[in-house]
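The values are calculated or read from the model by the stated rules, or taken from the named source; none is laboratory data. These numbers were taken from a predicted model, which means no experiment stands behind them. We place every Cβ from the backbone using ideal geometry, glycine too, and count neighbours over all the protein chains shown. Accessible surface areas use protein heavy atoms only, side chains included; no ligands, DNA or RNA. Shrake-Rupley method; radii C 1.70, N 1.55, O 1.52, S 1.80 Å.
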Amino acid sequence: MTVVPTEALDRAISDGAEALLRRQRPDGVFGDDPPASVLGTAGTVAALHAADPGGSADLVDAGTSWLRRQQHDDGGWGGVVGADSEVVATAVAVAALALTAPEASAEAITAGRARLAAMGGVDTVTDPAISLLCRQLLTLAGMTVEAGPLRRLPLEIVLFDRVRRQRLSFRTSPFIGLALMQADLLPTGRLRRATLRRARPAALRLLRAIYDHEGRTGALSEDPWPAALVLLGLARSGEAPDIATAVVGWLRRAVRPDGAWDAVTNLDLTRSGYAVTGLAAAGYAADPRLAPTRDFFHATQKPTAFTVLDVPPGGWSYSNVGGWPVTLESAEILSALAGYPDADTDPVLRSGLTWLIGRQDTRGSWSLWVRDTKLANDGPCPAITSQAVLALHDTGHPDDHPAVAAGAAWLLTAGRPNGSYENLWYRDHTSGTAVVVTALSRVGHARHDVVRRAAGWLRDTQLPDGSWGPGDGTAGSVEETGWAVQGLLATGDPAHADAVDRGSAGCSPPPGPTAAGRPPGSATTSATTCATPTP
């Protein structure tokens, strides 16, 4: 039995597409309003207080006031507005308040330290880099008990480019910032001083290469959090004052009206890529309103190599032409370009596909930034690999094409014991499993036992209201439900019909205008649940 009539689905698709198109700017970019970031705000106020205490006092005051308002009743903070208290955000917020406004924030600091202790402290942080970051900021704030032992960062890794790229990848700039901070935190012997004399100039050259690549804006990947860590390091070490000044200026320009900072300030390419693929699937590929977005994609293809991560020209970043080239957004944009009526004659699409094939890992997977990386947050990633396979499939590459076949073969071995797949960058399993099921189904593996198990996991994790959440039992959202429905539909298996109907019913808005504004699979998780669409 079909729960959602065809007319209702058609209306939902049409209303959602029109709502999405209303979010398109004249330059073709699809915008959004991301939640403010506790981490970004805490790091930024600490950095501005250290680097520009007089000129940025107004921003520091506004940012610390915002942090105090975001503290939960239990004394902790979440990473972004609306998130539950967790260790990293609480540690960073407490340290930032202690560094910048200890008297005005005395009660908040006391409550935060108590909550941090109740959650087990930074010893519970399993990522060594994030654990060290928390320890270092707490040490700077004089909280040595909470921080515990502080490990020295091996700045010498910057002397070995290949090792540095594989071990640090996109963390190169914040790593350098943290390492520069340690100059006055940890004592050094004669041998250590000698190695640092070689390593520090090399590290600063890497920072300058990033700075130059981005057009000397001071944006540092358009993300206040790593920009703040670099600024803290430069302020405490006294190095590269011109870069520090540029970072201060960019952070001033990036502040929100409420005094906070976003997690990432510019996701123009991310949102636009997902928007166009969703609209093309909804039948809008030939709509003239999408022509400016194609022009935007053409204008933002990377014309130069990003030498810091050894990435050749030809890909896209998540922000603009000056950003860092990244596989995920590049694959999605290629799928978007493939949906336009004249895709067969698009030279940008052709060169982008060549770039994408060249970024495949030797094991058949794709990583986010660096080929064959050894950094878990970079890759190899099942979701990114699936996006790349889908881009090749969408552009007419046959199932037995070497890159497609190698990617599919790797995916068939990369699942978790319960049949699900990770999405490393978004840190969930519903979207990861769904996009893997979609990709493998479309390249001839819909009946493979691995795909059947993954689809079964999706079906079994559907929530009682028909929606899906991240796969951890929490509330469902439009985004995860869209991913899951798409994955189950791709298999063509009638056994999933009931789950698809229930998911479609929950995510279909009532008749009339809707503010959905986001197609299934958007990069920013919607807070709207499937059971209660926003009117």
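List of remarks:
- Within the stretch 28-50, being within 30 Å of L337 (Cβ to Cβ) and surrounded by fewer than 24 Cβ atoms within 10 Å (Cβ to Cβ) holds for G28, V29, G31, D32, D33, P34, P35.
- Meets criteria (in contact with a strand residue (DSSP E or B) (Cβ under 8 Å, 6 or more places away or on another chain) and either in a loop (DSSP other than H, G, I, E, B) or not β-branched (V, I, T) (or both)) for G40: yes
- The one condition in (1) of a type in the set (G, A, S); (2) touching a Lys or Arg at 6+ places or on another chain (Cβ under 8 Å); (3) open to solvent by less than 10 Å² (accessible area, probe 1.4 Å) that A454 fails to fulfil: (2)
- Flag for P35 being over 13 Å from S272 (Cα atoms) and within 24 Å of the chain's Cα centre (by Cα): yes
- Candidate set: the stretch 304-331, residues that are hydroxyl-bearing (S, T, Y) and under 21 Å from G31 (Cβ atoms); chosen: the one surrounded by the fewest Cβ atoms within 10 Å (Cβ to Cβ): S319
- Subset of the stretch 372-420 that is among the hydroxyl-bearing types (S, T, Y) and under 15 Å from V450 (Cα atoms) - its residue that is surrounded by the most Cβ atoms within 10 Å (Cβ to Cβ): S386
- Matching residues in the stretch 50-72 - criterion: being touching a helix residue (DSSP H, G or I) at 6+ places or on another chain (Cβ under 6 Å) and either part of a loop (DSSP other than H, G, I, E, B) or of a type in the set (G, A, S) (or both): A50, A51, D52, S56, G63, Q71
- G75 satisfies every condition listed in (1) open to solvent by less than 20 Å² (accessible area, probe 1.4 Å); (2) of a type in the set (G, A, S); (3) outside any helix (DSSP H, G or I); (4) more than 18 Å from V145 (Cβ to Cβ) except (4).
- All positions within the stretch 272-298 that are free of Cβ contacts under 8 Å to residues at least 60 places away in the same chain and open to solvent by 70 Å² or more (accessible area, probe 1.4 Å): A286, P288
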